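Okay, structure first, notes after.
Each value in this text was obtained by applying a stated rule to the coordinates, not by laboratory testing. Treat the numbers as computed from the prediction; the structure is a model and nothing was measured. Note: ideal-geometry Cβ built from the backbone for every residue, glycine included; neighbour counts use all protein chains shown.
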Amino acid sequence: MSVSVNIDKVVKKFGEDKVIDKLSLDIRKGELFTLLGPSGCGKTTLLRMIIGFHSIDDGQIKIDDKVINHIPVNKRKMGMVFQNYAIFPHMTVEENIAFGLKVNKIGKEEMTERINDILKTVRIEEHKTKKPENLSGGQQQRIALARALVIHPKVLLMDEPLSNLDAKLRIEMRNAIKNIQQEVGITTVYVTHDQEEALAISDRIAVMNKGIIQQIGKPEEIYSRPSNVFVSQFIGTSNIIKGIIKKKEDGLYVHLNDMYEVKMNNLKQDEIVDKQEVLVSVRPQEFVITNKESGIKGKIDSTMFLGLNTHYFVNLDSGERVEVIQDSEEEEILPEGKDINLNIKSKKINIYHADTKETLI
Ligand code: ATP
């Protein structure tokens, strides 16, 4: 049976430094929940509070509504996988996995059964008598995962488990982790600073910055509707350009320069005033390079042909600089120095308050 994890107004200080400030989130039974944010934002600190390596200065952490603040690490029944694997080099795969079971005084017969089961789940049965040094990074991480899961923890915690692997293996292992997590059905808290990894692996993501949650949502929600400028720029690439709201009889428009306006159908009307300054977030692939006279004027500063796509950096007449991505097969490849007009596929842009940088959608 999987459990829920409830974090309620949790605070962590190191000396005078408040690293986590009244942070709250609910992690649902059986989901793979990711804490995503830049280095130093407090992800690992939060994970270590959940498992019990760090004390909690204020607030509560609950497992299925039971407060665990004062329960010691070894009684919390949680498994953890670390970036550096933390497996014992002098023990075989099997011995590494057996270690936690021996500590928990599990009988020999059950131990053998559990080890064989988990070796199958993480797909390293054929290596069980080998020492870790004779295995690849991905296989070593599978041992670490097996060792964490074999004790049948209530919650699995993973701290940047793929950082030490090369790019190809990282992609292979993130699929493996997702599959194993789903097969076992265990509530999992996963820490990473890699947004692509988070999007690929998670049921839901909490984006953190400076110890504060910026947004919680499914990967596609976070990507398509970032709730503030920080999330918009941290998840994927976003161009942030200045705009001005114009209220007209038929609705709200955002003016991006004197020549170009985009009709917005989904803004919170009551929070918006005429001529209000806003920040507009546009993904590079949402720009269209056009022959029309109307558009945002600029000059191509650099052209990079990358096969499937062509990437441009464009200096706008406003002084702003944007990245534009076009489909290489559909669109002509344009040279550096060319004057162009940009239009925007308006449905996918997001509008933010110029001061608070919070969403107006
Ligand atoms: P990274 O991805 O680099 O590990 P992170 O988001 O996991 O980053 P944390 O390791 O949780 O961040 O650190 C958050 C802040 O707390 C940082 O400023 C860090 O220097 C500080 N910090 C972490 N552990 C301690 C400690 N034991 N004593 C003092 N300060 C600490």
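Could you state the angle between the C-alpha long axis of helix 108-121 and the longest principal axis of the C-alpha atoms of the chain, as a value from 0 to 90 degrees rounded to the nearest 10?
20 degrees
What's the angle, to the nearest 10 degrees (0 to 90), between helix 137-149's Cα axis and the longest principal axis of the chain?
Result, in degrees: 60.
Karplus couplings for segment 160-171 from phi (6.51 cos²θ - 1.76 cosθ + 1.60, θ = phi - 60°), rounded to Hz, Gly and Pro as x?
Along segment 160-171, the couplings run 6, x, 9, 4, 8, 9, 6, 4, 5, 5, 4, 5 Hz.
Mean residue ellipticity at 222 nm from the helices of the chain, using -39,500 (n - 2.57) per DSSP H segment of n ≥ 4 over the full residue count, to the nearest 500 deg cm²/dmol?
-7000 deg cm²/dmol
Return the Rg/Rh ratio of segment 237-353 with Cα-based radii and a Kirkwood Rh.
Looking at segment 237-353, the ratio lands at 0.99.
If you filter segment 213-258 for GluC sites (Glu not before Pro), then keep DSSP loop positions with at most 11 other Cβ within 10 Å, what is left?
Glu249
Are there GluC sites (Glu not before Pro) in segment 277-361 that DSSP puts in a loop and that have at most 10 other Cβ atoms within 10 Å, and which ones?
Here the GluC sites (Glu not before Pro) that fit, given the DSSP loop and packing criteria, are Glu293, Glu329, Glu330, Glu332.
How would you classify the chain from its alpha-carbon gyration tensor, with a ≥ b ≥ c the square roots of the eigenvalues: rounded for a/c under 1.5, else prolate if a/b is greater than b/c, otherwise oblate?
Cα axes put the chain in the prolate bin.
State whether segment 173-260 is rounded, prolate or oblate according to the following rule on the C-alpha gyration tensor (a ≥ b ≥ c being the square roots of its eigenvalues): a/c under 1.5 gives rounded; otherwise a/b larger than b/c gives prolate, and the remaining case gives oblate.
Since a/c reaches 1.5 and a/b is larger than b/c, the shape of segment 173-260 is classed as prolate.
Calculate one ³J(HN,Hα) per residue across segment 307-324 by plugging θ = phi - 60° into the Karplus curve 6.51 cos²θ - 1.76 cosθ + 1.60, and present them in order as whole Hz with x for glycine and proline.
Karplus-based 3J(HN,Hα) across segment 307-324 equals x, 4, 10, 10, 9, 10, 9, 10, 8, 7, 4, 6, x, 7, 10, 10, 9, 10 Hz.
Between Asn179 and Ser224, with labels modelled 7 Å along Cα→Cβ, what's the label distance in nm to one decimal, could you check?
In this crude spin-label approximation the distance works out to 2.8 nm.
Which of Ala98, Ala198, Ala86 moves most in a GNM of the chain, Cα contacts under 10 Å?
Ala86
Counting only Cα atoms, I'd like the Rg/Rh figure for segment 1-61, Kirkwood definition for Rh.
Rounded to two decimals, Rg/Rh equals 0.97.
What are the residues whose amide H is under 5 Å from the amide H of Asp58, where those residues sit 5 or more places off or on another chain and H is modelled from the backbone?
Counting only residues 5 or more places away or on other chains, the set is Val11.
Calculated FRET efficiency, Glu133 and Glu196, Cβ-Cβ r, R0 41 Å, to nearest 0.05?
Calculated transfer efficiency: 0.85.
Counting residues in segment 156-303 as N, plug N into 2.2 N^0.38 Å and put the Cα Rg over that result.
1.35
Roughly how many nanometres apart are two label points built 7 Å out from the Cα toward the Cβ at Glu16 and Val67?
Here the modelled spin labels are 3.0 nm apart.
How far is helix 93-103 tilted, in degrees, relative to the longest principal axis of the Cα atoms in the chain, given as a value from 0 to 90 rounded to the nearest 10?
Relative to the chain, helix 93-103 is tipped by roughly 70 degrees.
Using each residue's phi in segment 241-256, evaluate 6.51 cos²θ - 1.76 cosθ + 1.60 at θ = phi - 60° and report the 3J(HN,Hα) Karplus result to the nearest Hz, with x for Gly and Pro.
10, 7, x, 10, 7, 10, 8, 10, 4, 8, x, 9, 10, 10, 8, 9
Can you compute the FRET efficiency between Thr356 and Glu95 using 1/(1 + (r/R0)^6), with r the Cβ-Cβ distance and R0 = 51 Å? Round to the nearest 0.05.
Given R0 = 51 Å and the Cβ-Cβ separation, E is 0.40.
Assuming R0 = 30 Å, what is the FRET efficiency of Thr237 and Asp317, from their Cβ-Cβ distance, to the nearest 0.05?
So, using R0 = 30 Å, E works out to roughly 0.85.
Which whole-angstrom value gives the distance between the alpha carbon centres of segment 62-125 and segment 229-273?
Result: 51 Å between the Cα centres.
If amide H atoms are built 1.01 Å from N in the plane of the peptide, which residues on other chains or at least 5 residues away come under 5 Å of the amide H of Val278?
It is Gly243, Ile244, Ile245, by chain and number.
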